[in-house]
Amino acid sequence: MTATYEAPGGVAAKAEPVLRLEELTTSVSDRAETRHLIQAVTLEVKPGEKVGVVGESGSGKSITMLSIMGLLPPKVAITSGRAVFGGVELSGLQERDYRRIRGSRLAMVYQDPMSALNPVMRIGHQIAEGLRAHGAGGPEVEATVLRVLGEVGIPDPHRIAQCYPHQLSGGMRQRVMIAMALAMEPELIIFDEATTALDVTIQAQILTLVRRLHAARNTAIVWVTHDLALVSNLVDRIVVMYGGRIVEQGPVGQVLGSPRHRYTAALLGALPDHRSTDRRRLSQIPGGPPKLEEVQTGCPFRTRCDHAVAACHTMPPAGYDDGGRSYACWAPVEGAP
Ligand SMILES: Nc1ncnc2c1ncn2[C@@H]1O[C@H](COP(=O)(O)OP(=O)(O)O)[C@@H](O)[C@H]1O
Ligand code: SF4
Ligand SMILES: [Mg+2]
(Lines give C-alpha, C1' and ligand atoms only; values in the text may rest on other atoms or scores of the structure.)
(Ligands and ions follow the chains in the order given, each with its own letter.)
Protein backbone atom coordinates (compact mmCIF):
# COMPACT_ATOMS: atom_id res chain seq x y z
CA MET A 1 0.00 0.00 0.00
CA THR A 2 1.36 3.43 -0.89
CA ALA A 3 1.35 5.68 2.14
CA THR A 4 1.09 9.44 2.41
CA TYR A 5 3.61 11.03 4.73
CA GLU A 6 4.74 14.46 5.71
CA ALA A 7 8.01 15.01 3.88
CA PRO A 8 10.72 17.20 5.44
CA GLY A 9 9.72 20.75 4.65
CA GLY A 10 6.09 20.00 5.38
CA VAL A 11 5.09 18.76 1.91
CA ALA A 12 2.79 15.77 1.91
CA ALA A 13 4.20 13.15 -0.44
CA LYS A 14 3.45 9.64 -1.58
CA ALA A 15 6.34 7.36 -0.82
CA GLU A 16 6.98 3.65 -0.73
CA PRO A 17 8.39 2.76 2.67
CA VAL A 18 12.10 2.11 2.65
CA LEU A 19 11.46 -0.82 5.03
CA ARG A 20 8.32 -2.85 5.55
CA LEU A 21 7.94 -5.75 7.97
CA GLU A 22 4.73 -7.75 7.58
CA GLU A 23 3.83 -10.19 10.35
CA LEU A 24 7.50 -11.09 10.66
CA THR A 25 8.13 -14.07 12.94
CA THR A 26 11.63 -15.29 13.81
CA SER A 27 12.10 -18.49 15.79
CA VAL A 28 14.76 -20.62 17.43
CA SER A 29 14.64 -24.34 16.71
CA ASP A 30 16.29 -27.34 18.24
CA ARG A 31 15.44 -31.01 17.78
CA ALA A 32 12.68 -30.86 20.38
CA GLU A 33 10.79 -27.67 19.50
CA THR A 34 10.50 -24.32 17.76
CA ARG A 35 9.93 -21.22 19.84
CA HIS A 36 9.17 -17.75 18.54
CA LEU A 37 11.60 -15.00 19.56
CA ILE A 38 9.59 -12.32 17.75
CA GLN A 39 6.01 -12.74 16.53
CA ALA A 40 3.95 -11.03 13.82
CA VAL A 41 6.11 -7.88 13.86
CA THR A 42 4.57 -5.36 11.46
CA LEU A 43 6.02 -1.91 10.88
CA GLU A 44 7.05 0.54 8.17
CA VAL A 45 9.84 3.08 7.91
CA LYS A 46 9.35 5.85 5.35
CA PRO A 47 12.22 7.50 3.48
CA GLY A 48 13.92 9.98 5.78
CA GLU A 49 11.85 8.95 8.80
CA LYS A 50 13.32 8.51 12.31
CA VAL A 51 11.72 5.61 14.15
CA GLY A 52 12.51 4.60 17.74
CA VAL A 53 12.17 0.97 18.81
CA VAL A 54 11.95 0.72 22.60
CA GLY A 55 11.40 -1.97 25.19
CA GLU A 56 13.13 -3.61 28.12
CA SER A 57 16.07 -5.91 27.58
CA GLY A 58 14.96 -9.22 26.03
CA SER A 59 11.90 -7.78 24.27
CA GLY A 60 13.10 -8.82 20.80
CA LYS A 61 14.53 -5.57 19.46
CA SER A 62 17.90 -6.97 18.35
CA ILE A 63 16.39 -10.16 16.93
CA THR A 64 14.10 -7.97 14.80
CA MET A 65 17.06 -5.91 13.55
CA LEU A 66 19.26 -8.95 12.90
CA SER A 67 16.34 -10.50 10.96
CA ILE A 68 16.38 -7.41 8.73
CA MET A 69 20.18 -7.49 8.36
CA GLY A 70 20.28 -11.23 7.57
CA LEU A 71 22.67 -11.73 10.49
CA LEU A 72 20.70 -14.05 12.79
CA PRO A 73 22.61 -16.39 15.12
CA PRO A 74 22.77 -20.15 14.48
CA LYS A 75 19.45 -22.06 14.85
CA VAL A 76 17.52 -18.80 14.62
CA ALA A 77 15.64 -18.02 11.40
CA ILE A 78 12.68 -16.12 9.95
CA THR A 79 9.84 -18.67 9.99
CA SER A 80 6.95 -16.61 8.58
CA GLY A 81 6.02 -13.16 7.36
CA ARG A 82 8.00 -10.80 5.17
CA ALA A 83 10.74 -8.21 5.40
CA VAL A 84 10.92 -5.93 2.36
CA PHE A 85 13.68 -3.35 1.98
CA GLY A 86 13.58 -0.87 -0.94
CA GLY A 87 11.30 -3.25 -2.84
CA VAL A 88 13.61 -6.26 -2.25
CA GLU A 89 12.21 -9.23 -0.35
CA LEU A 90 14.85 -9.94 2.31
CA SER A 91 13.45 -13.13 3.82
CA GLY A 92 15.06 -16.00 1.95
CA LEU A 93 17.62 -13.80 0.15
CA GLN A 94 20.87 -15.56 -0.75
CA GLU A 95 23.92 -14.36 1.24
CA ARG A 96 25.60 -13.22 -2.00
CA ASP A 97 22.65 -10.93 -2.77
CA TYR A 98 22.45 -9.75 0.83
CA ARG A 99 26.07 -8.56 0.66
CA ARG A 100 25.15 -6.18 -2.15
CA ILE A 101 22.57 -4.49 0.07
CA ARG A 102 24.21 -4.71 3.49
CA GLY A 103 26.66 -1.88 4.02
CA SER A 104 25.74 -0.05 0.84
CA ARG A 105 21.98 0.54 1.10
CA LEU A 106 21.28 -0.75 4.60
CA ALA A 107 23.73 -0.23 7.48
CA MET A 108 23.78 -1.00 11.19
CA VAL A 109 25.71 0.54 14.10
CA TYR A 110 26.06 -1.77 17.11
CA GLN A 111 26.44 -1.17 20.84
CA ASP A 112 29.99 -2.51 20.87
CA PRO A 113 32.07 -1.11 18.02
CA MET A 114 35.06 -3.29 19.05
CA SER A 115 33.13 -6.40 17.97
CA ALA A 116 32.32 -4.86 14.60
CA LEU A 117 35.77 -3.40 13.84
CA ASN A 118 38.75 -5.44 12.74
CA PRO A 119 41.33 -5.00 15.57
CA VAL A 120 44.36 -5.48 13.29
CA MET A 121 43.35 -3.13 10.49
CA ARG A 122 43.83 0.63 10.50
CA ILE A 123 40.59 2.65 10.63
CA GLY A 124 41.06 4.32 7.25
CA HIS A 125 41.83 0.98 5.62
CA GLN A 126 38.66 -0.59 7.07
CA ILE A 127 36.40 2.15 5.74
CA ALA A 128 38.17 2.00 2.34
CA GLU A 129 37.74 -1.80 2.19
CA GLY A 130 34.01 -1.39 2.73
CA LEU A 131 33.80 1.16 -0.07
CA ARG A 132 35.82 -1.00 -2.47
CA ALA A 133 33.70 -4.06 -1.66
CA HIS A 134 30.77 -2.12 -3.06
CA GLY A 135 32.49 -1.05 -6.25
CA ALA A 136 34.18 2.26 -5.39
CA GLY A 137 37.73 2.67 -6.68
CA GLY A 138 40.57 5.07 -7.42
CA PRO A 139 41.71 8.13 -5.52
CA GLU A 140 38.18 9.15 -4.52
CA VAL A 141 38.10 6.27 -1.99
CA GLU A 142 40.69 7.93 0.22
CA ALA A 143 38.96 11.30 -0.16
CA THR A 144 35.63 9.72 0.88
CA VAL A 145 37.27 8.11 3.94
CA LEU A 146 38.64 11.45 5.12
CA ARG A 147 35.39 13.25 4.32
CA VAL A 148 33.17 10.86 6.32
CA LEU A 149 35.59 10.88 9.28
CA GLY A 150 35.35 14.69 9.20
CA GLU A 151 31.55 14.57 8.93
CA VAL A 152 31.23 12.61 12.16
CA GLY A 153 33.22 15.26 14.01
CA ILE A 154 36.59 13.51 14.17
CA PRO A 155 39.01 16.42 14.58
CA ASP A 156 42.06 15.07 12.72
CA PRO A 157 40.82 12.58 10.10
CA HIS A 158 44.33 12.00 8.60
CA ARG A 159 45.73 10.92 11.96
CA ILE A 160 42.70 8.84 13.03
CA ALA A 161 42.65 7.02 9.68
CA GLN A 162 46.12 5.70 10.57
CA CYS A 163 45.04 4.41 14.02
CA TYR A 164 44.00 0.92 15.05
CA PRO A 165 40.63 0.57 16.89
CA HIS A 166 42.24 -0.04 20.32
CA GLN A 167 44.03 3.33 20.10
CA LEU A 168 40.69 5.19 20.17
CA SER A 169 38.22 5.95 22.97
CA GLY A 170 34.78 4.29 23.00
CA GLY A 171 33.15 7.52 21.78
CA MET A 172 35.66 7.87 18.91
CA ARG A 173 35.16 4.22 17.90
CA GLN A 174 31.40 4.77 17.78
CA ARG A 175 31.98 7.83 15.55
CA VAL A 176 34.12 5.63 13.28
CA MET A 177 31.27 3.08 13.10
CA ILE A 178 28.85 5.85 12.14
CA ALA A 179 31.36 7.09 9.51
CA MET A 180 31.54 3.55 8.08
CA ALA A 181 27.75 3.36 7.99
CA LEU A 182 27.55 6.74 6.22
CA ALA A 183 30.31 6.11 3.69
CA MET A 184 28.06 4.37 1.14
CA GLU A 185 25.18 6.81 1.70
CA PRO A 186 22.68 4.10 2.69
CA GLU A 187 18.91 4.60 2.59
CA LEU A 188 18.50 3.31 6.16
CA ILE A 189 20.80 3.11 9.19
CA ILE A 190 19.82 0.99 12.21
CA PHE A 191 21.42 2.05 15.51
CA ASP A 192 21.09 -0.81 18.02
CA GLU A 193 21.84 0.49 21.55
CA ALA A 194 24.56 2.53 19.83
CA THR A 195 25.18 4.85 22.78
CA THR A 196 24.40 2.48 25.66
CA ALA A 197 28.04 1.81 26.51
CA LEU A 198 29.01 5.50 26.43
CA ASP A 199 28.90 8.03 29.25
CA VAL A 200 26.12 10.63 29.17
CA THR A 201 28.25 13.46 27.76
CA ILE A 202 29.49 11.37 24.82
CA GLN A 203 25.98 9.97 24.39
CA ALA A 204 24.62 13.50 24.02
CA GLN A 205 27.33 14.34 21.47
CA ILE A 206 26.50 11.26 19.38
CA LEU A 207 22.78 12.13 19.45
CA THR A 208 23.56 15.69 18.31
CA LEU A 209 25.72 14.24 15.55
CA VAL A 210 22.97 11.86 14.38
CA ARG A 211 20.43 14.72 14.35
CA ARG A 212 22.81 16.88 12.32
CA LEU A 213 23.61 14.10 9.84
CA HIS A 214 19.93 13.33 9.47
CA ALA A 215 19.14 16.99 8.76
CA ALA A 216 21.92 17.09 6.13
CA ARG A 217 21.22 13.77 4.38
CA ASN A 218 17.68 12.72 5.27
CA THR A 219 18.73 9.08 5.71
CA ALA A 220 15.99 7.00 7.36
CA ILE A 221 16.94 6.01 10.91
CA VAL A 222 15.82 3.22 13.21
CA TRP A 223 17.06 3.95 16.72
CA VAL A 224 16.83 0.92 19.03
CA THR A 225 17.11 1.42 22.77
CA HIS A 226 15.82 0.34 26.17
CA ASP A 227 15.98 4.04 27.15
CA LEU A 228 12.65 5.73 26.47
CA ALA A 229 13.81 9.14 27.71
CA LEU A 230 16.77 9.11 25.32
CA VAL A 231 14.80 8.33 22.19
CA SER A 232 11.88 10.68 22.85
CA ASN A 233 13.88 13.73 21.71
CA LEU A 234 15.21 12.09 18.57
CA VAL A 235 12.49 10.27 16.66
CA ASP A 236 9.23 11.02 14.82
CA ARG A 237 7.55 7.72 15.56
CA ILE A 238 7.93 5.17 18.30
CA VAL A 239 7.47 1.40 18.30
CA VAL A 240 7.14 -0.31 21.70
CA MET A 241 8.17 -3.99 21.88
CA TYR A 242 7.62 -6.49 24.65
CA GLY A 243 7.96 -10.26 24.75
CA GLY A 244 8.79 -10.41 21.04
CA ARG A 245 5.74 -8.45 19.91
CA ILE A 246 5.00 -4.85 18.98
CA VAL A 247 2.50 -3.78 21.62
CA GLU A 248 2.03 -0.15 20.54
CA GLN A 249 3.29 2.20 17.84
CA GLY A 250 2.55 5.68 16.59
CA PRO A 251 3.72 9.32 16.54
CA VAL A 252 6.06 9.95 19.45
CA GLY A 253 3.86 12.69 21.00
CA GLN A 254 0.77 10.46 21.01
CA VAL A 255 2.42 7.31 22.31
CA LEU A 256 4.33 9.05 25.09
CA GLY A 257 1.66 11.71 25.78
CA SER A 258 -1.25 9.29 26.13
CA PRO A 259 -0.12 5.67 26.04
CA ARG A 260 -2.89 3.14 25.39
CA HIS A 261 -1.13 -0.18 25.97
CA ARG A 262 -0.64 -1.08 29.61
CA TYR A 263 3.02 -1.94 29.00
CA THR A 264 3.77 1.47 27.44
CA ALA A 265 2.02 3.14 30.39
CA ALA A 266 4.06 1.03 32.85
CA LEU A 267 7.32 1.90 31.04
CA LEU A 268 6.50 5.60 31.24
CA GLY A 269 5.54 5.23 34.89
CA ALA A 270 8.94 3.67 35.55
CA LEU A 271 10.86 6.68 34.21
CA PRO A 272 12.76 8.61 36.88
CA ASP A 273 10.94 11.66 38.16
CA HIS A 274 13.20 14.55 37.14
CA ARG A 275 11.72 16.70 39.93
CA SER A 276 12.96 14.22 42.51
CA THR A 277 16.31 15.03 44.07
CA ASP A 278 16.82 11.39 45.04
CA ARG A 279 17.95 9.79 41.77
CA ARG A 280 18.26 6.41 43.50
CA ARG A 281 14.48 6.19 43.72
CA LEU A 282 14.06 4.93 40.17
CA SER A 283 10.97 2.80 40.06
CA GLN A 284 10.81 -0.31 37.91
CA ILE A 285 7.92 -2.28 36.52
CA PRO A 286 7.30 -4.94 39.19
CA GLY A 287 8.29 -8.47 38.14
CA GLY A 288 10.84 -9.60 35.61
CA PRO A 289 10.68 -10.02 31.83
CA PRO A 290 8.69 -13.05 30.71
CA LYS A 291 10.24 -16.43 29.92
CA LEU A 292 10.25 -17.48 26.29
CA GLU A 293 7.64 -20.21 26.88
CA GLU A 294 5.28 -17.65 28.47
CA VAL A 295 5.13 -15.41 25.41
CA GLN A 296 4.20 -18.01 22.81
CA THR A 297 0.45 -17.36 23.37
CA GLY A 298 -1.68 -14.59 24.89
CA CYS A 299 -0.45 -11.11 25.79
CA PRO A 300 3.25 -11.23 26.73
CA PHE A 301 2.68 -8.64 29.49
CA ARG A 302 -0.11 -10.58 31.26
CA THR A 303 2.11 -11.88 34.08
CA ARG A 304 2.94 -8.31 35.18
CA CYS A 305 -0.26 -6.49 34.25
CA ASP A 306 -2.76 -5.29 36.90
CA HIS A 307 -5.55 -5.01 34.32
CA ALA A 308 -5.40 -8.47 32.71
CA VAL A 309 -8.75 -10.03 31.75
CA ALA A 310 -9.43 -13.66 30.80
CA ALA A 311 -8.70 -13.13 27.09
CA CYS A 312 -5.20 -11.82 27.88
CA HIS A 313 -4.15 -15.31 29.00
CA THR A 314 -5.25 -17.21 25.95
CA MET A 315 -5.46 -14.97 22.92
CA PRO A 316 -3.03 -12.45 21.51
CA PRO A 317 -4.64 -9.02 21.95
CA ALA A 318 -6.55 -7.64 19.00
CA GLY A 319 -4.85 -4.73 17.22
CA TYR A 320 -6.82 -1.51 17.59
CA ASP A 321 -6.13 1.43 15.35
CA ASP A 322 -6.75 4.85 16.77
CA GLY A 323 -5.75 6.96 13.75
CA GLY A 324 -2.00 7.08 13.14
CA ARG A 325 -1.32 4.78 16.05
CA SER A 326 -2.00 1.15 16.86
CA TYR A 327 -1.90 -0.82 20.07
CA ALA A 328 -2.68 -4.40 20.99
CA CYS A 329 -4.35 -4.51 24.39
CA TRP A 330 -7.60 -6.08 25.63
CA ALA A 331 -8.05 -3.41 28.35
CA PRO A 332 -6.27 -0.27 27.09
CA VAL A 333 -5.75 2.94 29.04
CA GLU A 334 -8.77 5.12 28.29
CA GLY A 335 -8.35 8.79 27.27
CA ALA A 336 -5.50 11.02 28.38
CA PRO A 337 -3.69 9.91 31.53
N1 LIG B 1 20.75 -17.05 19.78
C2 LIG B 1 19.64 -17.11 20.52
N3 LIG B 1 19.09 -18.30 20.82
C4 LIG B 1 17.97 -18.37 21.57
N5 LIG B 1 17.33 -17.30 22.07
C6 LIG B 1 17.83 -16.08 21.80
C7 LIG B 1 19.02 -15.92 21.02
N8 LIG B 1 19.29 -14.59 20.94
C9 LIG B 1 18.31 -13.97 21.65
N10 LIG B 1 17.46 -14.86 22.17
C11 LIG B 1 16.25 -14.56 22.97
O12 LIG B 1 15.38 -13.80 22.16
C13 LIG B 1 14.68 -12.86 22.95
C14 LIG B 1 14.87 -11.46 22.38
O15 LIG B 1 16.23 -11.09 22.53
P16 LIG B 1 16.81 -9.72 21.95
O17 LIG B 1 16.23 -9.46 20.60
O18 LIG B 1 18.29 -9.80 22.04
O19 LIG B 1 16.22 -8.65 22.98
P20 LIG B 1 16.57 -7.09 23.11
O21 LIG B 1 17.46 -6.70 21.98
O22 LIG B 1 15.22 -6.41 23.07
O23 LIG B 1 17.21 -6.92 24.43
C24 LIG B 1 15.19 -13.02 24.37
O25 LIG B 1 14.30 -13.87 25.05
C26 LIG B 1 16.52 -13.69 24.18
O27 LIG B 1 16.86 -14.48 25.30
S1 SF4 C 1 -4.78 -5.66 29.70
FE2 SF4 C 1 -4.31 -7.66 28.83
S3 SF4 C 1 -3.70 -7.21 26.73
FE4 SF4 C 1 -3.54 -5.29 27.87
S5 SF4 C 1 -1.42 -5.23 28.64
FE6 SF4 C 1 -2.67 -6.15 30.27
S7 SF4 C 1 -2.48 -8.34 29.91
FE8 SF4 C 1 -1.84 -7.32 28.01
MG1 LIG D 1 19.36 -5.83 22.03
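The values are calculated or read from the model by the stated rules, or taken from the named source; none is laboratory data. Here the structure is a predicted model, which means the values were calculated and not measured. Virtual Cβ from ideal backbone geometry, glycine too; neighbours counted across all protein chains shown.
Suppose we keep only residues that are under 20 Å from residue 255 (Cβ atoms) and among the hydroxyl-bearing types (Ser, Thr, Tyr) within the stretch 58-69. Which one would you say is farthest from ligand 1 (Cβ to nearest atom)?
Only one residue fits best here, namely 64.
Scan the stretch 226-249 and report the pairs whose first residue is surrounded by fewer than 20 Cβ atoms within 10 Å (Cβ to Cβ) and whose second residue is at pLDDT below 95 and of a type in the set (Asp, Glu), with Cβ atoms within less than 6 Å and a gap of 6+ or a chain change.
226/56
Quick check on the stretch 208-223. Is at least one of its residues within 16 Å of ligand 1 (Cβ to nearest atom) and either farther than 17 Å from residue 46 by Cβ or part of a helix (DSSP H, G or I) (or both)?
Checking the stretch 208-223: not a single residue is within 16 Å of ligand 1 (Cβ to nearest atom) and either farther than 17 Å from residue 46 by Cβ or part of a helix (DSSP H, G or I) (or both).
Between residues in the stretch 18-35 that are assigned to a strand (DSSP E or B) and within 10 Å of ligand 1 (Cβ to nearest atom) and residues that are small (Gly, Ala, Ser) and modelled with pLDDT of 95 or more, which pairs lie under 7 Å by C-beta distance while being six or more apart or on different chains?
Within 7 Å, the pairs are 26/67; 26/77; 27/77; 35/27.
What about residue 325, is it modelled with pLDDT of 85 or more and farther than 28 Å from residue 35 by Cβ?
Against the criterion (modelled with pLDDT of 85 or more and farther than 28 Å from residue 35 by Cβ), residue 325 qualifies.
Find the residue count for the stretch 211-230, including only residues that are within 16 Å of ligand 3 (Cβ to nearest atom) and touching a Lys or Arg at 6+ places or on another chain (Cβ under 9 Å).
Final tally of qualifying residues: 5.
Answer yes or no as to whether residue 115 is of a type in the set (Ser, Thr, Tyr), within 16 Å of ligand 1 (Cβ to nearest atom) and in contact with a strand residue (DSSP E or B) (Cβ under 7 Å, 6 or more places away or on another chain).
So residue 115 fails the test.
Please find, within the stretch 56-73, the residue that is farthest from ligand 3 (Cβ to nearest atom) out of those that are in contact (Cβ under 8 Å) with a residue 12 or more places away in the chain and farther than 19 Å from residue 18 by Cβ.
So the residue we want is 72.
For the stretch 230-245, state whether one or more residues are basic (Lys, Arg), within 16 Å of ligand 2 (Cβ to nearest atom) and either assigned to a strand (DSSP E or B) or out of contact with any Ser or Thr (no Cβ under 8 Å at 6 or more places or on another chain) (or both).
For the stretch 230-245, residues basic (Lys, Arg), within 16 Å of ligand 2 (Cβ to nearest atom) and either assigned to a strand (DSSP E or B) or out of contact with any Ser or Thr (no Cβ under 8 Å at 6 or more places or on another chain) (or both): present.
Give me the pairs: first residue in the stretch 204-215 and closer than 13 Å to residue 109 by Cβ, second residue of a type in the set (Ser, Thr, Tyr), beta-carbon distance under 8 Å, and six or more apart or on different chains, which are they?
Sorted first by the residue in the stretch 204-215, then by its partner, the pairs are 206/195; 207/195; 213/219.
What about residue 68, is it modelled with pLDDT under 95, β-branched (Val, Ile, Thr) and away from ligand 2 (no atom under 16 Å from the Cβ)?
no
Do any helices (runs of 4 or more DSSP H) entirely within the stretch 74-181 hold 3 or more residues that are of a type in the set (Asp, Glu) and over 21 Å from the mean Cα position of the chain (by Cα), and if so, which?
Of the helices (runs of 4 or more DSSP H) lying wholly inside the stretch 74-181, those with at least 3 residues that are of a type in the set (Asp, Glu) and over 21 Å from the mean Cα position of the chain (by Cα) span 140-151.
So which of 142, 89 ends up being of a type in the set (Asp, Glu) and either closer than 27 Å to residue 46 by Cβ or surrounded by fewer than 12 Cβ atoms within 10 Å (Cβ to Cβ) (or both)?
Selected residue: 89, the only one of 142, 89 that is of a type in the set (Asp, Glu) and either closer than 27 Å to residue 46 by Cβ or surrounded by fewer than 12 Cβ atoms within 10 Å (Cβ to Cβ) (or both).
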